There are 2 protein chains.
Amino acid sequence: MKITLKQIECFLAVAEYGSFSGASKRLNTAQPALSQAIKDLEAELGVRLFDRTTRRVELTDAGREFQQSAAKVIEELEHAVESVHELAERKRGRLTVAAPPLLAAVVLPQAIAEFRRRFPGISVQIADVGTEQIVESVRNGKADCGIGTFQPSEEGIERVALVRDSLMLFCDEASPLNGSEPVCWSELADYPLVTLTRDSGIRLLVEVGFESCELPLKPAFEVAQVTTAIALVEAGLGVAVLPTYALAAARYRKVNGRQLVEPVISREIVLIHASGRSVSPAVQAFSQVIRRFAQQLTPQEAR
Amino acid sequence: MKITLKQIECFLAVAEYGSFSGASKRLNTAQPALSQAIKDLEAELGVRLFDRTTRRVELTDAGREFQQSAAKVIEELEHAVESVHELAERKRGRLTVAAPPLLAAVVLPQAIAEFRRRFPGISVQIADVGTEQIVESVRNGKADCGIGTFQPSEEGIERVALVRDSLMLFCDEASPLNGSEPVCWSELADYPLVTLTRDSGIRLLVEVGFESCELPLKPAFEVAQVTTAIALVEAGLGVAVLPTYALAAARYRKVNGRQLVEPVISREIVLIHASGRSVSPAVQAFSQVIRRFAQQLTPQEAR
DNA sequence: GCCAACTTATCGCGAAATGCTATGAATTAA
DNA sequence: TTAATTCATAGCATTTCGCGATAAGTTGGC
């Protein structure tokens, strides 16, 4: 036989109450069950825990000692359960979000702020890494989830659509392209182009756009960071095709965004998480918050 | 439903082993039982503890956290059980023995020494108090047991006979009573008598002895402590009637003990413990040791 | 790309335990 | 002495538990 928690709880109740029948009422159980439980527990421990006549019940020395330890054990167990419950109820937790630098800079901060308002106990960490590393981080568990644009074919990765984002033209205020009308891809032929380096997903889409107009893509500048590209555009060194949400990074800078059509090229920004792993309560909550937030953020510019 | 220790043990085994089927072998249980236990535990906690495919089992964040606490809880419980086992096996414990000063001085030290040799883990405390307080101490639990001579009629007190002890005459070496033959009570008439005060049980027996010879009891000195009485005898101020075991206190002093007959007055030295209370393992052990020790100590002089 | 092997989940059944009611035994208080 | 209270025991119905069999799903090899 083996000790059970129920036995220990019965023991503590009897010890505290000083009576079997009294404790049985409190435990909502019949008194014989208590007698049995204590008997079994004593047999297991090899010591008598109570001195009991039909009239008085009091702890033996061994019982007193066991009461101390048992109470501590029960309390700790309850604390452990409570802790896990807190995780489940999102009162507490940890969340690591992997995102490319631009998203990490212009979308995440506000989304996280909203998230922390709703779940103050969950601490959020950002891993601002390259797109390739995002998938890898999520796969190996370094990040709980990631946002960005990814191939749909990734293995072991679950996708949750957040928002569609169209490519947009960014030009300086003095540029002839700056106006109120949408710009066509074909109009870009005569302007020096600032692009991202070839490992960027955006670069690929830009290439698609140029191909659709049968224009050759001859970048004047190739940079890794979107913010760098915007700075170059601001300096009048060229125009850039960037995601709509780069607008947020261009705010307060002398750069304007123009709709870019024929074709409209859009890509889906998704939240990813490992499909094998269970979706932690924190990730579930974050997924909802960022989806609502992303849709509020960009609908008028993105569509 | 409620969490059980079995569930926790199953959880820890699976967590450590990283596999249900592997853990099931180690726990000597079938794999479906494990699946069920973990499922129930997860339902109770409201969180998934493992990410499991049919091929891999690994802890979730919540699972990792719960593993920490659960392991600590189990370890502490096992420690508590172990502690109580030690009490039961007399590897550890506490024992308070109440005894009148003389017994505490001349019998207990050696008995306790022997006891501690056999049960090194049990700490022994002596409460050297008056005879009246001994019964009271045992009754209210301040002492686990007591030794001495007590009325058989004491309520709520269990008696275990240790040894019979006869009254003995103590005289200085120059006394005419000093010789090799037993002394009769009637011979005491002509000598100044050192007695204990009236609250002593020995004093009562001395009175009985004098009455049996129809001699008047006219103490020359009345003292509370046996050792004081022996000192007075040694100084040649009188003779004293004391228990045989007072011989041990008279060793190395110029006082001799003589058998005292017509009548031989003996009294039973008993060990007492509270009858309501359970006899703790330590008291059981001590009872045996002191009984054997007492019988070895005094048979030739006492009988 | 399909098959074989391995692992976990589910199902059904039999055995064990659990807990309750009724009853007994013992002690206290009136 | 009796009545009342309290813990222990017995018998019984119910629930739970754990096992075997089987299903479902994933991985790795061919």
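The values are calculated or read from the model by the stated rules, or taken from the named source; none is laboratory data. Values in this document were obtained by computation on a predicted structure and should not be read as measured data. Note that we place each Cβ from the backbone using ideal geometry, even for glycine, and neighbour counts take in every protein chain shown. Heads up: the accessible areas ignore ligands, DNA and RNA and are worked out on the full protein's heavy atoms, side chains in. Shrake-Rupley method; radii C 1.70, N 1.55, O 1.52, S 1.80 Å.
What angle, in degrees between 0 and 90 and rounded to the nearest 10, separates the Cα long axis of helix A:61-88 from the longest principal axis of the Cα atoms of chain A? In chain A, helix A:61-88 runs at an angle near 20 degrees to the longest axis. Of the cross-linked pairs A:142/B:2; B:2/B:91; B:142/B:254; A:2/A:142; A:91/B:6; A:6/B:25, which ones have a Cα-Cα span greater than 31 Å in the structure shown? Violating the 31 Å limit, Cα to Cα: A:142/B:2; B:2/B:91; B:142/B:254; A:2/A:142. Dipole magnitude for chain A: computed about the Cα centre from +1 point charges on Lys and Arg Cβ and -1 point charges on Asp and Glu Cβ, it is near 1280 debye.
Rounded to the nearest 500, the 222 nm mean residue ellipticity of the protein assembly as shown from helices alone is -14000 deg cm²/dmol, with -39,500 (n - 2.57) taken per DSSP H run of at least 4 residues.
Share of carbon and sulfur in the accessible area of the range A:44-190 stands at 45%, probe radius 1.4 Å. Of all DSSP bridge pairs formed entirely within chain B, close to 60 percent run antiparallel.
Taking the square roots of five times each eigenvalue of the Cα gyration tensor of the range A:165-267, the equivalent ellipsoid has semi-axes of 17, 15, 13 Å, listed largest first.
Once the other residues with Cβ under 14 Å from the Cβ of residue B:205 are scored (Lys, Arg +1; Asp, Glu -1), what is the net sum? For residues surrounding residue B:205, the net value is -1.
Taken one residue at a time, the phi angles of the range A:45-54 give Karplus couplings (6.51, -1.76, 1.60, θ = phi - 60°) of 7, x, 9, 7, 9, 10, 8, 9, 9, 6 Hz. Gly and Pro are set to x.
Max-minus-min Cα coordinates of the range A:131-201 on each principal axis give 48, 23, 21 Å, with the largest extent listed first. Qualifying trypsin sites (Lys or Arg not before Pro) in the range A:245-288, where qualification requires a DSSP coil assignment and no more than 11 other C-beta atoms within 10 Å, comprise A:251.
Towards the positive end of the charge dipole of chain B, with charges on Cβ (+1 Lys, Arg; -1 Asp, Glu), say which of B:240, B:220, B:293 has the farthest Cα. Towards the positive end, the residue furthest out is B:293.
Across the identical copies, the 7 Å label point of residue B:85, projected outward along Cα→Cβ, sits 3.3 nm from its counterparts, in ascending order. Considering only B:233, B:183, B:14, the mean-square fluctuation computed in a Gaussian network model of chain B, springs between alpha carbons under 10 angstrom, is largest for B:14.
Looking at the range B:165-266, send over the antiparallel percent of its DSSP beta bridges, to the nearest 5. Rounded to the nearest five, the antiparallel share is 55 percent. Take every pair of alpha-carbon atoms less than 8 Å apart whose residues are at least six positions apart; their mean separation over the length of the range B:165-266 yields a relative contact order of 51 percent.
Compactness ratio for chain B: Cα radius of gyration over 2.2 N^0.38 Å (N = residue count) comes to 1.64. Please give me, ordered by residue number, the GluC sites (Glu not before Pro) of the range B:184-277 that lie in loop per DSSP and have at most 12 other Cβ atoms within 10 Å. In loop regions of the range B:184-277 (DSSP not H, G, I, E or B), the sparsely surrounded GluC sites (Glu not before Pro) are B:214. Largest GNM mean-square fluctuation among A:27, A:95, A:103, using chain A with Cα springs under 10 Å: A:27.
Note on the range A:5-88: Kirkwood radius taken over Cα pairs, Stokes-Einstein applied at 20 °C and 1.002 mPa s, translational D equal to 161 µm² s⁻¹.
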